[in-house]
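To keep things clear, I will list the structure first and then write my remarks on it.
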Amino acid sequence: MYQWERRLRLYTGLVLAFYVIQHLLNHSLGIVGFEAMEAWRRFFSPVWDHPVPKLLLHGSLWTHFVLALMRLYRRRTLRMPAWEMSQLVFGLSIAPLVTAHVIGTRVAAELGGFDPDYLYLATVIAGSPRTAVQLPLLLIVVWVHLVIGLHFWLRLFAWYRRTLPVWMVLAVAIPVLAEAGILRAALTASEWLGDRDVMADVFSSYASMPAATRELLSSLEVPVLSIMLGAGALVLGARQVRAATNRRRGDVRISHANGRTVLARRGQTLLEALRAAHIPHTSVCGGRARCTTCRVRVGAGREYLPVPAALEAAALKRIKADETVRLACQARPMVDVAITPLVQPGGSTAQSLSIGGVQGTEREVVCMFVDMRDSTRISERILPYDAVFILNQFFRELSGSLQDTGGHYAQFSGDGLMALYGLRGRNLPAAATAALRGAAEMFRRLAHLNARLAGEFGFELRMGIGIHAGTAIVGRMGPPDSPLLTAIGDNINIAARLETASKQHGCDLIVSRETLRHLEPSEAAPVYRTIDIRGRENGIEVAVFDAAELFEFLGGLAAGTPSVPVAATPAA
């Protein structure tokens, strides 16, 4: 879909929305009386009767209708979310409901100089059962179509999501008040339906029009409806012809990461194909390329996809996506492809709109695991609330150490945590140095904490740390409502095993040789040993430290290694 077309549909929709909202507010004044309704109408009528606003309004109406038919034609499938189907059905229902009303008011005013005031309108509603049903129904249909469109455009903005309760109240209040105003006006008008003098006065302006004009107005509804319905039928027929042509061209296979293979028509978007196959797939904007929540990573067949059009390219550029990422609502495969969705279906809007989603990238990082020793025994000796107090103090000191040395708090597990170094840059030597300084800072802070707690509880806290450097998958992972910036991979598992091994070897810290090799040479060179790691056939070379030995090692290291800059923890 061309970017200009999307913007044109949005802008024309906004013009029509403004007109509808002020029109319904005018109706709502019927609760007060005809004088209030006419005062509002006399204020706004000159505005809409001016040539420029009139052209803008009428042009927006027909342009919006034509663009809707074009979008309907472009769809390769009519399977879509319930909200999108509702907007489509209500939008197509507007034409047959509004035709008679527009002819009897706006067209009559243009052709016959007739001024359809609210006395006339209320009398027509009161005296015509068809109009009494059709106009309130039209109000509901137009309003539902408008609200769905505005909501699924505005929900991409944080300010709208924060103030959503206010907009929900307005979305209900405006049509209810408008319906109440029309009902009050119609009930008032019903009082003079049998009074010939009053009726003659109300319809005097309409009766003064030439007979030929009145006949023309009464005959317009059928041909106008026929044109609109014919245009819709033509679009649906063209879709069938295109579908038959595509069937002769053959299908493409879409291999989904969930193990399913979907057959799709050539030229069908990935999103349309997944919806047709009943595979849930996130698309906050409904496939209009206003967001990137439908993004997928394309594997096999990626090089044969048409290059991203301007609209898709701009959206992908905003999130700094690499060449393997495409928007499912825009990519139209012509050959077999394999895809992996990057946003979990069913997540919240905020999570879906986050740049990270649940995707990950390979990064070289330094991983640290920290665990409190004998936490179970400590919990047995003190009251539960005291245990919570101690754990909170413990994690506060660990968190402060990470913040001071540029580490990122990645996971929490009962009485331990996982931290990552090197997320902000690609300098692994600096990350390795920062991780060691972070461990030293943790031991320093723990010693101060023990000094504070010793007099109250009579015991000291101890901890063990494992550190390993290597390549891992780093990204936002976890529950859709609360994903964390963390890492997974074999090297992360090794760091966890080293922390466990520190307990078995009776030391405070175990660091892999792979981590220490990134450091500058030091006078206090570590002594390496090979230890067995559960789940690995071969052992791993490590250096074993207690807290004092780590301080000594870092003192020798400082002479050949630049100091570690203090950096804020990356935002999760």
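The values are calculated or read from the model by the stated rules, or taken from the named source; none is laboratory data. Quantities reported herein were computed from a predicted structural model and do not represent experimental measurements. As a convention, Cβ positions derive from the backbone with ideal geometry for all residues, glycine included, and neighbour counts pool all protein chains shown.
A few notes on this one:
- Lone qualifier among PHE114, PHE90 - being under 26 Å from LEU72 (Cα atoms), of a type in the set (Phe, Trp, Tyr), buried (at least 19 other Cβ atoms within 10 Å of the Cβ) and in contact with a helix residue (DSSP H, G or I) (Cβ under 8 Å, 6 or more places away or on another chain): PHE90
- Scanning the range 444-461 for residues that are among the small types (Gly, Ala, Ser) and either surrounded by 20 or more Cβ atoms within 10 Å (Cβ to Cβ) or farther than 30 Å from ALA387 by Cβ (or both) turns up nothing.
- Within the range 178-186, none of the residues are crowded, with 17+ Cβ neighbours inside 10 Å, under 29 Å from GLY91 (Cα atoms) and either in contact with a Lys or Arg (Cβ under 9 Å, 6 or more places away or on another chain) or not assigned by TED's automatic domain parsing to the domain that holds GLY30 (or both).
- Residues of the range 405-422 satisfying the condition of being surrounded by fewer than 17 Cβ atoms within 10 Å (Cβ to Cβ) and of a type outside the set (S, T, N, Q): PHE412, GLY414
- Residue among LEU111, LEU61, LEU55 that alone is at pLDDT 90 or above, assigned to a helix (DSSP H, G or I) and over 27 Å from the mean Cα position of the chain (by Cα): LEU55
- Taken together, TRP143, TRP159, TRP153, TRP167 contain a single residue that is surrounded by fewer than 17 Cβ atoms within 10 Å (Cβ to Cβ), aromatic (Phe, Trp, Tyr) and closer than 22 Å to TYR19 by Cα, which is TRP167.
- Picking from residues in the range 64-86 that are loosely packed, with under 15 Cβ neighbours inside 10 Å, assigned to a helix (DSSP H, G or I) and among the aliphatic types (A, V, I, L, M), the one that is modelled with the highest pLDDT is VAL66.
- Scanning the range 307-321 for residues that are outside any helix (DSSP H, G or I) and farther than 24 Å from VAL252 by Cα gives ILE319, LYS320, ALA321.
- Extreme residue, surrounded by the most Cβ atoms within 10 Å (Cβ to Cβ), among residues of the range 34-63 that are in contact (Cβ under 8 Å) with a residue 12 or more places away in the chain and farther than 19 Å from VAL98 by Cβ: MET37
- The single condition among (1) surrounded by fewer than 19 Cβ atoms within 10 Å (Cβ to Cβ); (2) touching a helix residue (DSSP H, G or I) at 6+ places or on another chain (Cβ under 8 Å); (3) more than 30 Å from THR361 (Cα to Cα); (4) in contact (Cβ under 8 Å) with a residue 24 or more places away in the chain that ASP374 does not satisfy is (2).
- Checked across the range 253-273, the condition of being closer than 19 Å to LYS317 by Cα, under 23 Å from the mean Cα position of the chain (by Cα) and either at pLDDT below 85 or crowded, with 17+ Cβ neighbours inside 10 Å (or both) holds for no residue.
- The number of residues in the range 160-197 that are acidic (Asp, Glu) and in contact (Cβ under 8 Å) with a residue 40 or more places away in the chain comes to 1.
- Filtered residues of the range 362-379 (kept if part of a helix (DSSP H, G or I) and either more than 22 Å from THR500 (Cα to Cα) or touching a strand residue (DSSP E or B) at 6+ places or on another chain (Cβ under 9 Å) (or both)): SER375, ILE378
- Residue count for the range 200-212 under the criterion of being at pLDDT 85 or above and surrounded by 15 or more Cβ atoms within 10 Å (Cβ to Cβ): the result is 2.
- Check on LEU10, in a helix (DSSP H, G or I), without any contact (Cβ under 8 Å) to a residue 60 or more places away in the chain and surrounded by 15 or more Cβ atoms within 10 Å (Cβ to Cβ): no
- Those residues of the range 290-306 which are assigned to a loop (DSSP other than H, G, I, E, B), closer than 16 Å to LEU342 by Cα and not small (Gly, Ala, Ser), in sequence order: CYS291, THR292, THR293, CYS294
- The range 292-307, subset of a type outside the set (Ser, Thr, Tyr) and buried (at least 20 other Cβ atoms within 10 Å of the Cβ), residue nearest to the chain's Cα centre (by Cα): CYS294
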